[in-house]
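The values are calculated or read from the model by the stated rules, or taken from the named source; none is laboratory data. Computed from a predicted structure; not experimentally measured. Please note: Cβ atoms are built from the backbone with ideal geometry, for glycine as well, and neighbour counts cover all protein chains shown. Accessible surface areas use protein heavy atoms only, side chains included; no ligands, DNA or RNA. Shrake-Rupley method; radii C 1.70, N 1.55, O 1.52, S 1.80 Å.
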Amino acid sequence: MELDNFKSLWQKEDISDTPEISPEKQRQIHHPLERIRKNMRYEFWSTITLLPVILVVIWFFPITFRFRVYIEVLVASMALVTAFFFSKFFKLYKEISNPTLGTYDSLKDLFHQFELNKQYYLSFYLSFVPFLVCEMIIITESIPYNHKYTDGLLAVKFIISILLGLFFLYFAGNWWFKHFYGKYIDRIKKLVDEMKQN
């Protein structure tokens, strides 16, 4: 008897019922999502094109073979790091490609993915810090030794260059994300907030 009561209560309570999003709002959300996808494609193809160009340019620079090999190994390592982060990026691209944005829960999941990818994005830029340090070492070592510069002065210039490079990487990464993705994510959030108020 109690089992029958429990079954009837279970059937009455529909926990999968979530608020639906109207087709008109889905179309409004689709436009910023399409802009994000377009920017992701642009970034992917520009990066894929840029790495081989860098390797070709290195061969025409008048530097010793040893330093050329060092720089090529650095660029190849940067390409591996870039491939790792693009694999994470591609997962979001696939989710945006086939959006099932019929419920608020699916939108919340999408915002979670955006937040994760923002963290990946900043991590991507900060992962270039070791490469920046190595490049600075290579540049410092390839400059002919000048006796008027003391080792202390060279160390100070080196540290200042690294700090400036760090700030540049961090702020460039933030600006790039906001310019290409952040404003569209904010537009989607605004539409979702409007839907919640109605």
Task: For Ala172: the one exception among (1) more than 18 Å from Leu92 (Cα to Cα); (2) out of contact with any helix residue (DSSP H, G or I) (no Cβ under 8 Å at 6 or more places or on another chain) - done: (2)
- [ ] Kindly list the number of the only condition in (1) farther than 27 Å from Arg41 by Cα; (2) surrounded by 11 or more Cβ atoms within 10 Å (Cβ to Cβ); (3) hydrophobic (A, V, I, L, M, F, W, C); (4) modelled with pLDDT under 80 that fails for Cys134.
- [x] (4)
TODO: Just one of (1) more than 24 Å from Tyr125 (Cα to Cα); (2) surrounded by 12 or more Cβ atoms within 10 Å (Cβ to Cβ); (3) more than 21 Å from the chain's Cα centre (by Cα) trips up Ile71, so point out which.
DONE: (1)
- [ ] For the range 66-104, enumerate the residues that are among the aromatic types (Phe, Trp, Tyr) and modelled with pLDDT under 80.
- [x] Phe67, Tyr104
Task: Filter pass, Leu122 being in a helix (DSSP H, G or I), closer than 28 Å to Leu154 by Cβ, in contact with a Gly (Cβ under 6 Å, 6 or more places away or on another chain) and among the hydrophobic types (A, V, I, L, M, F, W, C) - done: no
TODO: Take the range 48-90 and flag every residue that is among the small types (Gly, Ala, Ser) and within 19 Å of Leu132 (Cα to Cα).
DONE: Ala76, Ser77, Ala79, Ala83
- [ ] Of the conditions (1) within 23 Å of the chain's Cα centre (by Cα); (2) open to solvent by 40 Å² or more (accessible area, probe 1.4 Å); (3) in contact (Cβ under 8 Å) with a residue 60 or more places away in the chain, Pro32 clears all except one; give me its number.
- [x] (2)
Task: Members of the range 45-68 found to be open to solvent by less than 50 Å² (accessible area, probe 1.4 Å) and either within 15 Å of the chain's Cα centre (by Cα) or under 30 Å from Ile185 (Cα atoms) (or both), listed by number - done: Ser46, Thr47, Leu51
Open item on the list: Need pairs with beta-carbon distance below 7 Å; first residue in a helix (DSSP H, G or I) and within the range 49-62, second aliphatic (A, V, I, L, M) and open to solvent by less than 80 Å² (accessible area, probe 1.4 Å); sequence gap 6+ or separate chains.
Closed with: Leu51/Val75; Leu51/Ala79; Ile54/Val75; Leu55/Val75; Ile58/Ile71
